[in-house]
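A short worksheet on the structure shown next.
Bear in mind that the values in this text are calculations on the coordinates, not laboratory data. Remember, predicted model here, so these are calculated numbers, not experimental data. Here the Cβ positions follow ideal geometry from the backbone for every residue, glycine too, while neighbour counts run over all protein chains shown.
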Amino acid sequence: MRALFSLKELYRDAVRTSDFEIAQVTNLQRQIAPLYALLSVSAASLAYTHRDLAPTSLTIAVPAVLIAACMIRSVRWLFAAREPAPSRIEARAKLRRTIFLAAFIAVAFLAWALALDQYGGPDQHGHVSMFIAMTVVACIFCLGYLPMAAMLVCGIVIGAFLIYSFARGSEVGMVVAVNIALVTLVILKVLRDSFAAFLRLELSQRDLAHKQSEAEVLIETNVALARTDPLTGLPNRRFFHDELERRLATAQSSFAVALVDLDGFKPVNDTYGHAQGDSLLKVISERLRDFGSDCTVARLGGDEFGILFNGDAGQAAKAGQRLCEIIKRPVPLTGATVVVGCSIGIAGYPQAAHNAQDLLDRADFALYHAKDHRRGGCVVFSSKLDGMIRSERAVESAFQIADLDRELAVAFQPVFSTRTHQVVAVEALARWTSPSIGVVSPERLIATSERAGMARRTTLKLFEKALAGAARLPAEIRLNFNLSAVDLADETTIAMILDELTLSPVDATRLVFEITENSLISDMTTTRRSLARLRAVGAKVALDDFGTGFSSLSSLHELPLDILKVDRSFAAQLADATGRRLVSAIRGLAETLSLRCVLEGIETEQQLVDATAAGFDYAQGYLLARPGSIEDVLETLRQLPKAA
Ligand code: C2E
Ligand code: MG
Ligand code: MG
């Protein structure tokens, strides 16, 4: 009983966890037809041995009906075998029907066989017993995949046969009935054990398959994770590289690699915190994802993204330009709305390069160029750009081996008071004359030193020379010194500047540090700290080239400033009335913020008159004095009429 119970449990498990019932039906389909054939042949032979002894209704009519029923069932099973596998529900219904029909057919055959047993002698009785025994054994084997049906048939047939034999009272008949019952019981036990083993095997295979599929899912998930950026859900750098390699391996037509770098992301991150920075990156990623269905977008790290465009570099540039506009749209964050831009560098295959690394390098060069010269725009790598990069590299190599002490110099350009016409300050301007490549502009020098990782050394050398020059000037003349964004973001540079100042005879209060709005694009927190440290020793801070940056007004309000240096493009605008009004408005703004105002780039008498009329405190420009050596400044001072 316990064995039966455990079989039931096993069966339930198998049915619950797998398509076991479908497998049962499929297996039965193969065995039911032979069973019916066997039954039909046995029935026919039994009818035959009773043909002259029993009534024709029992030897012809009933077996004909029974055999016909067997044939119909057999044909139905054979047809079913050709149809697609049944669903679970259909299979279950079919199994139930089979159990019911097996019981019904067993009863019908048994009743017929026992009815025949009323006729004939010992041979015929023996044949009936053999028919019953054979039917039972055949049922057990053919219904091996449906033990319920096999047991039911055996129960009905053997039970009824035992009762019948004992009721008949024939000793031989009783012994034969008991013998058949015992054999049936043993065969049933074998059937039960093999069915249980079959169920266990099925369950363990199912378990194995389940584990395998779980492992496969796990591996797939790991692979997906290794190729996805967790923050934005975009594919990551690894995926991008693999995809690029794949495209190169199968490339039939041109495509383009684009590198996208956000402009102004850092200040948002510094000002609003990393959580807001992350939200911003998610929004930008969403826009990139929606941008084009036929391109591959990935986050390469930080605020840098990669795109693979179908089509040539020209088409990619047009798409890139559209993308720049989309990225520029305001992004609402919690408590603030921010705007960031992006610069894009593009390299087209096969024009720019033939392998992945070169394509990426060239797209990177183009991006670099966009950042420097076309911020917020798109630059395609070309042979012209290649030439520029080569010359940049030549400058870089020359700088790396430069003797900074000998090759670097500082030019001083006086700044005048519009009221007293006296020199109030000199601006130190970097000069580099390389023995191999000649004179290099200060902007290029600074950019090269930063790229070469030599910004600190360069700034300190220039500062040392600037201080040496200023030390030769009267103490009331200030020294203006330009600091780049990189300088301000480097606390060691600031500390070393302050150390240099303490060693110099030039008083710290004579110093004016000029910064540009670009400084605000990089590390805002450190920049503020650097400015505070410089002001703490009595130095002043001037915002240089005012009016050329993109966040002018907000920087005015947010930074600790003393002086505003209005860009020389405004001096040129003084020629017309609108320009004059604009310059006056800027002057008024500076006054409201209690900032002293310098107008740069004064080249004509009229500009000087207009600048003075507009209320500028100071003026600087070629008209008044060109940048020169400290001797030139001393000469200028000598020639100036003494202040009243
Ligand atoms: P800046 O700080 O705005 O310096 C003024 C620039 O305008 C200088 O160019 C000067 O020669 C030029 N200039 C002065 N008056 C006139 C004028 O009337 N008309 C015209 N057209 N130009 C005038 P320079 O020396 O070529 O320097 C260019 C820029 O390089 C500077 O602009 C500054 O941003 C940067 N720079 C120069 N020296 C240094 C330095 O030591 N460190 C850093 N970080 N940047 C420096
Ligand atoms: Mg300057
Ligand atoms: Mg300037």
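List the residues whose amide H sits under 5 Å from the amide H of ASP263, counting only those 5 or more places along or on another chain, with H placed 1.01 Å from N in the peptide plane.
For ASP263, the qualifying residues are GLY341, CYS342, SER343.
Work out how far the C-alpha atoms of segment 330-445 reach from end to end along every principal axis, then list the three figures in whole Å, largest first.
60, 52, 22
Can you tell me the equivalent ellipsoid semi-axes for segment 237-381? Use √(5λ) from the Cα gyration tensor, largest first, whole Å.
Rounded to whole Å, the semi-axes are 27, 15, 13.
So for each of 415-421, 456-462 I average, over its residues, the number of other beta carbons within 10 Å; can you give me the resulting order with the highest mean first?
Peptide ranking by packing, descending: 456-462, 415-421.
Largest first, please: the extent of the C-alpha atoms of segment 422-530 along each principal axis, to the nearest Å.
The principal-axis extents, from largest down, are 39, 36, 26 Å.
Amide H neighbours of LEU333 under 5 Å, counting only residues 5+ apart in sequence or on other chains, H built in-plane at 1.01 Å?
Those lying under 5 Å, H to H, from LEU333 are VAL338.
So what is the 222 nm mean residue ellipticity for the chain from helices alone, if each DSSP H run of at least 4 adds -39500 (n - 2.57) and you divide by all residues, rounding to the nearest 500 deg cm²/dmol?
Mean residue ellipticity at 222 nm (helix-derived): -20500 deg cm²/dmol.
If you find the alpha carbon centre of segment 92-113 and of segment 553-604, how far apart are they in angstrom?
The distance from the Cα centre of segment 92-113 to that of segment 553-604 comes to 105 Å.
Check every DSSP H run in the chain and write down those whose alpha carbon atoms cover 24 angstrom or more along the long axis and whose mean Kyte-Doolittle hydropathy is -1.0 or greater. Don't jump to the answer; show the numbers that get you there.
Values: long enough: 20-49 (43 Å, 0.67); 62-82 (31 Å, 1.36); 88-116 (42 Å, 1.18); 122-142 (29 Å, 1.08); 147-168 (30 Å, 1.80); 171-226 (81 Å, 0.79); 274-291 (25 Å, -0.41); 356-373 (25 Å, -0.68); 383-400 (25 Å, -0.49).
The answer, listed by residue number, is 20-49, 62-82, 88-116, 122-142, 147-168, 171-226, 274-291, 356-373, 383-400.
Just order 148-161, 531-544 by mean Cβ neighbour count inside 10 Å, highest at the front, would you?
148-161, 531-544
Take the Cα radius of gyration of segment 447-605 and divide it by 2.2 N^0.38 Å, with N its residue count; two decimals is plenty.
Details: Rg = 16.3 Å, N = 159, 2.2 N^0.38 = 15.1 Å.
Taking N as the residue count of segment 447-605, the ratio is 1.08.
Distance between Cα centroids, segment 171-197 to segment 291-335: provide it in whole Å.
79 Å
Once you place label points 7 Å from the Cα toward the Cβ at ALA495 and ALA85, how far apart are they in nm?
Placing both labels 7 Å beyond Cα along the Cβ direction yields 7.3 nm.
For segment 414-420, just list the computed ³J(HN,Hα) in residue order, Karplus coefficients 6.51, -1.76 and 1.60, θ = phi - 60°, integers in Hz, with x standing in for Gly and Pro.
The phi angles translate into x, 10, 9, 7, 6, 7, 9 Hz.
Provide the per-residue ³J(HN,Hα) series for segment 428-436, in order, calculated from phi with Karplus coefficients 6.51, -1.76, 1.60 and θ = phi - 60°, each as a whole number of Hz, with x at glycine and proline positions.
Using θ = phi - 60°, the values come out as 7, 10, 5, 9, 10, 10, 8, x, 8 Hz.
Hey, which of these cross-link pairs are over 18 Å Cα-Cα: LYS540/LYS565; LYS94/LYS189; LYS266/LYS540? Display every interim value, and only then the final one.
Numbers: LYS540/LYS565 13 Å; LYS94/LYS189 25 Å; LYS266/LYS540 26 Å.
Table pairs above 18 Å Cα-Cα are LYS94/LYS189; LYS266/LYS540.
So what are the three principal axis dimensions of segment 2-210 from its Cα atoms, in whole Å, longest to shortest?
62, 38, 18
From Cα pairs below 8 angstrom and at least 6 apart in sequence, can you work out the relative contact order of segment 237-381, rounded to a whole percent?
This gives 31 percent for segment 237-381.
About the Cα centre, and with charges only on the beta carbon of Lys, Arg (+1) and Asp, Glu (-1), how big is the dipole of the chain? Nearest 20 debye, please.
On the way: 67 positive and 70 negative charges, 489 e Å.
In debye, rounded to 20, the chain gives about 2360.
Evaluated at 25 °C with a viscosity of 0.890 mPa s, what Stokes-Einstein diffusion coefficient in µm²/s does the chain have when Rh comes from the Kirkwood expression over alpha-carbon pairs?
The Stokes-Einstein estimate is 73 µm²/s.
Taking amide H positions as placed 1.01 Å from N in the peptide plane, with prolines and chain starts having none, which residues 5 or more places from VAL424, or on another chain, fall under 5 Å of its amide H?
Placed amide hydrogens put VAL415, PHE416, SER417 under 5 Å from VAL424.
Which order, highest average first, do 289-300, 102-113, 190-201, 241-252 follow once you tally other Cβ atoms within 10 Å for each residue and take the mean per peptide?
Order by mean packing, descending: 102-113, 289-300, 190-201, 241-252.
Mind pulling up the Rg/Rh value for segment 126-214? Radius of gyration and Kirkwood radius, both on Cα.
A ratio of 1.22.
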